[in-house]
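Following: one structure in structure tokens, then a few remarks.
The values are calculated or read from the model by the stated rules, or taken from the named source; none is laboratory data. Everything numeric in this text was worked out from a predicted model, so none of it was measured. Here the Cβ is made from the backbone with ideal geometry for all residues, glycine too, and neighbour counts use every protein chain on show.
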Amino acid sequence: MAADRGLVCLQDYERHAHRHLDRNALDYYRSGAGDEYSLGLNQTSFRSYRIRPRCLVDVSRVDLSARALGAAVSLPVGISPTAMQRMAHPDGECATARAAGEAGTVFILSTLSTSSVEEVAAAAPDTTKWFQLYIYKDRELTRQLVKRVEAAGFRALVLTVDAPVFGIRRSDVRNQFKLPPHLTLANFTGLHATDVNESKGGSGINEYVLSLFDPALCWDDVAWLKSITKLPIVLKGILTAQDAVRGVDAGAAAIMVSNHGARQVDSTPATIEALPEVARAVGGRAEVYLDGGVRQGTDVFKALALGARMVFLGRPALWGLAHSGQRGVRSILDIVRWELETTFSLTGCNSVQSIRPCMVVHKSFYHKL
Ligand SMILES: Cc1cc2nc3c(=O)[nH]c(=O)nc-3n(C[C@H](O)[C@H](O)[C@H](O)COP(=O)(O)O)c2cc1C
């Protein structure tokens, strides 16, 4: 792997972004809810799991490929939806989608993107693209958006179920966060649903969500969504076995274990802590994914061993984008691929299928011996 001027890990890109992004954008991208306890936990909890390598396995060929909702991916690491990417780089979501395609993996576009569904489809026609959906009080607006997503060739809807309102991100309140005036929520140009360029005294994005998202959203709405689309539905934001089972029963094709990058309720478990109970409850009836705090190849390996079919990166893609647009996001994915491949080689795994659950244990395993 050729390192990009001394940037050899995802944290190097994060540090670079911290030095170069303006306060409004950096705080919006970086922050978590409340005390940001879960924000730290998402990353540190990976350290509570230990990898048990197997020796003397032929790893002269290591294959990282996998399948997600029927699509072949060359790396089991995709890009989670993050809003407003043009604050990081003028090419925004188009660059991220292209980078994901080059790396042979999935890109998820946010409803709250600064490049429209159609722009992203045109910029990255060959990328496997999924669309993250927020359901608006205005169901007709939501329905039309779903139809545009289908027409643009997106392959799945990722319904975010952990955001009836937005969590309190203190720095956005302090900064009175707003989208810079030259940017818009591009999926809604010309509609009232674009107003994030102002703040009424707090976080502009929270005010937007309060006025337009439907806080009454419930399981019946998953049935409604299924009734208006043939696309597979991924439920994003599940943290318990109960909701996972409910989601599968409601017809979800996949469950994404996520706490929204710790931006909603502080003190939720780290996603790697929640993954085993969800994977067990789903029991193979749907695909299981994870995002939150994934920062290196060993994190990916741990999530795969504990039951995830794919993992997704949120903030790291933003840090890559802020560094050098498409090239920076590509570097992020290349670094994770290199780290994951190395982890496979050093643990005696030559394919995703060869990872055994017993290869990753909680640290308490060693205390009991
Ligand atoms: C700046 C930012 C914006 C986000 N926007 C969305 C969004 O529009 N829709 C959504 O479902 N999740 C959103 N998320 C949550 C991410 O999809 C993902 O769950 C989270 O970032 C994963 O954690 P990580 O950043 O530690 O990788 C956002 C997260 C961040 C950091």
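Candidates are the residues of the range 210-223 that are part of a helix (DSSP H, G or I) and in contact (Cβ under 8 Å) with a residue 60 or more places away in the chain; the one that is nearest to the ligand (Cβ to nearest atom) is 212.
Inside the range 293-349, residues that are closer than 19 Å to residue 104 by Cα, in contact (Cβ under 8 Å) with a residue 60 or more places away in the chain and polar (S, T, N, Q) make up a count of 3. Could you please let me know if residue 226 is outside any loop (DSSP other than H, G, I, E, B) and more than 13 Å from the ligand (Cβ to nearest atom)? So residue 226 passes the test. Is it fair to say residue 61 is of a type in the set (D, E, K, R), closer than 30 Å to residue 355 by Cα and part of a loop (DSSP other than H, G, I, E, B)? For residue 61, the condition - of a type in the set (D, E, K, R), closer than 30 Å to residue 355 by Cα and part of a loop (DSSP other than H, G, I, E, B) - is met. Only one of the listed residues (160, 189) is closer than 20 Å to residue 138 by Cβ, in contact (Cβ under 8 Å) with a residue 24 or more places away in the chain and more than 23 Å from the chain's Cα centre (by Cα). That residue is 189. When the criteria are applied in full, residue 230 meets the requirement of being surrounded by fewer than 17 Cβ atoms within 10 Å (Cβ to Cβ) and under 20 Å from residue 106 (Cα atoms).
The criterion of being away from the ligand (no atom under 15 Å from the Cβ) and buried (at least 18 other Cβ atoms within 10 Å of the Cβ) holds for residue 287. Quick check, is residue 209 at pLDDT below 95, crowded, with 17+ Cβ neighbours inside 10 Å and on the phi < 0 side of the Ramachandran plot? Spelling it out, residue 209 is indeed at pLDDT below 95, crowded, with 17+ Cβ neighbours inside 10 Å and on the phi < 0 side of the Ramachandran plot. Is it the case that residue 352 is surrounded by 24 or more Cβ atoms within 10 Å (Cβ to Cβ), among the hydrophobic types (A, V, I, L, M, F, W, C) and touching a strand residue (DSSP E or B) at 6+ places or on another chain (Cβ under 8 Å)? It is false that residue 352 is surrounded by 24 or more Cβ atoms within 10 Å (Cβ to Cβ), among the hydrophobic types (A, V, I, L, M, F, W, C) and touching a strand residue (DSSP E or B) at 6+ places or on another chain (Cβ under 8 Å). Residue 174 meets all of the listed conditions (1) in contact with an Asp or Glu (Cβ under 9 Å, 6 or more places away or on another chain); (2) surrounded by fewer than 19 Cβ atoms within 10 Å (Cβ to Cβ); (3) in a loop (DSSP other than H, G, I, E, B) but one, namely (3). For the range 81-130, the set of residues classified as within 14 Å of the chain's Cα centre (by Cα), part of a loop (DSSP other than H, G, I, E, B) and either without any contact (Cβ under 8 Å) to a residue 12 or more places away in the chain or more than 12 Å from the ligand (Cβ to nearest atom) (or both) consists of 105 only.
Looking at 270, 262, just one residue is in contact with a Leu (Cβ under 6 Å, 6 or more places away or on another chain), within 12 Å of the ligand (Cβ to nearest atom) and either among the charged types (D, E, K, R) or more than 21 Å from residue 76 (Cβ to Cβ) (or both), and that residue is 262. Filtering the range 177-206 to residues that are β-branched (Val, Ile, Thr), surrounded by fewer than 20 Cβ atoms within 10 Å (Cβ to Cβ) and not in a loop (DSSP other than H, G, I, E, B) leaves only 194. Total residues in the range 296-324 satisfying the condition of being under 12 Å from the mean Cα position of the chain (by Cα) and either outside any helix (DSSP H, G or I) or more than 15 Å from the ligand (Cβ to nearest atom) (or both): the figure is 5.
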